[in-house]
Every structure is written in C-alpha cells, then in structure tokens.
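Only one structure is covered here, and it is reproduced in the block below.
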Amino acid sequence: MFSIIQAAGWPIWPLVACSILALALVIERFVSLKTGKIAPPRLLDEAITVSRSSVPAPDVVSHLEQNSLLGEVLASGFRALNTNPRISEDDLRSTLEGAGRRAAHTLERYLAALATIASAAPLLGLLGTVIGMIEIFGSQAGSGGVANAAGGNPAQLAQGISIALYNTAFGLIVAIPSLIFWRYFRARVDGYLLTMEIASERFVRHLNTLRKS
C-alpha cells in the first residue's frame, strides 16, 4: 500500500487525509446514531405513564433528559410546565419545537463534512491526474515535445502516468464510500426526525391535557 502511495506522488496525500477523516466520521456517526441514544421505542409511552396525573419530580425529569435526544425534547416540555403551569399551548409547542431544532442540529453533526469529502475527493483525484499529465508532457519537453515521445525519459513518463492513474482511482475510492455513507446517515437522521416530530406532537397533546387538569 505504501509503495502505491509513493508511486502516486505528493498529490495523493490530501486524499489519504480525506480517507482517514471520512473513516473517523463514519465510525463516530455509527456510534452516535444508535436508536437507544436517539429515540428509544418505549420512551414516549413511559413519559406519558409517569405523568398521568401530574408533572414528574425534577429528578425524574433530569433522568429523562439524560436518557436520549428524544428524552431531552420531552423533558423540555415538563420543565416548561413546571416553570409556568399556566403556559399556553402555543408556548408549550414552541418550547418543544426549539428543543427539536437543537436535537436536529445534534443529529446532523458532521454530515456536512462527510458530504464535503464525498464531493471534494474526485476533484482532488482530478488534480492529481492533471499534475501527472503535466509531468508526462514535461518529461518530453527536453526531447522535442510529444512528437518525440520515444526519445523522452521513460522513468519520468512512467511516473507521470502512475501519478495520473493512481490519483484518479484513489479519489473515486474515497468519494464513493463517503457518498454512500452520507446518504445512509442522512436517511437515518430523517427517520429519527420524523419519529421525534410525531412523538412531540403526541406529547404536546398530553401536556395540554395535563395543564388543564
């Protein structure tokens, strides 16, 4: 592998850095976007159950907040109702929407960086290809140009071709998995956001009933 990197020349080093960064981002997102950390399936039902008659105690709300991102959103509704028992339904809904936006920002963290790598890697590969072509033509310049390619420096010619092809291939090798994983994580985030939106709407109706009781 290292011999390939050496053959590709210095233009491949930015691609190597992009590949390491992309791998780190993919691993981080796999760890962070687990269902248990975002929206546990029974969390909403449990939150409604413990608040059938009144808002739970502050320690219960704190425990809910630390449970997951959905728990943070639900806990914001409890805190708003604790702070102002006469809060209007619109203000209650706005509180949960604000917490939902913060949760969405957390869910989408690093996705833009992964998308940038997927877009930039082919361009970096193309840059390496152009540099390789420049070396190819440069190696022939001392022998009368391209027309006298047979009299040029074969070592420089081979090196230029290697730089061009290796960088093109490596750029695609980095870009394609990055794009696949970005689309995969984007779909997961959209699914989580939909789940949280539906849960928040149901929870607002429950809190509104609790507020009137």
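Here are the numbers:
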{"item": "Residue selected from region 51-76 under the condition touching a Leu at 6+ places or on another chain (Cβ under 7 Å) and β-branched (Val, Ile, Thr), by the criterion farthest from Val189 (Cα to Cα)", "result": "Val55"}
{"item": "Test: residue in region 88-105 that is farther than 15 Å from Ser200 by Cα and crowded, with 17+ Cβ neighbours inside 10 Å", "result": "no"}
{"item": "Residue match in region 78-87 (condition: part of a helix (DSSP H, G or I) and more than 12 Å from Val55 (Cβ to Cβ))", "result": "no"}
{"item": "Candidate set: region 8-26, residues that are part of a helix (DSSP H, G or I) and over 15 Å from Tyr110 (Cα atoms); chosen: the one modelled with the lowest pLDDT", "result": "Ala8"}
{"item": "Total residues in region 156-177, condition closer than 30 Å to Leu111 by Cβ and either modelled with pLDDT under 70 or not aliphatic (A, V, I, L, M) (or both)", "result": "6"}
{"item": "Residues being of a type in the set (A, V, I, L, M) and surrounded by 14 or more Cβ atoms within 10 Å (Cβ to Cβ) - total across region 176-201", "result": "5"}
{"item": "Any chance Ser94 is of a type outside the set (A, V, I, L, M, F, W, C) and either free of Cβ contacts under 8 Å to residues at least 24 places away in the same chain or part of a loop (DSSP other than H, G, I, E, B) (or both)", "result": "yes"}
{"item": "Flag for Leu207 being surrounded by 15 or more Cβ atoms within 10 Å (Cβ to Cβ) and either touching a Ser or Thr at 6+ places or on another chain (Cβ under 6 Å) or over 30 Å from Thr49 (Cβ atoms) (or both)", "result": "no"}
{"item": "Lone qualifier among Ala24, Ala57, Ala75 - being of a type outside the set (Ser, Thr, Tyr), out of contact with any helix residue (DSSP H, G or I) (no Cβ under 7 Å at 6 or more places or on another chain), more than 30 Å from Ala164 (Cα to Cα) and free of Cβ contacts under 8 Å to residues at least 40 places away in the same chain", "result": "Ala57"}
{"item": "Residue satisfying condition, being at pLDDT below 80 and exposed (fewer than 14 other Cβ atoms within 10 Å of the Cβ), within set Asn153, Asn148", "result": "Asn148"}
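The values are calculated or read from the model by the stated rules, or taken from the named source; none is laboratory data. This one's a predicted model, so the numbers in the text were calculated from it and none came from an experiment. Cβ coordinates were reconstructed from backbone atoms using ideal geometry, including for glycine residues, and neighbour counts include every protein chain displayed.
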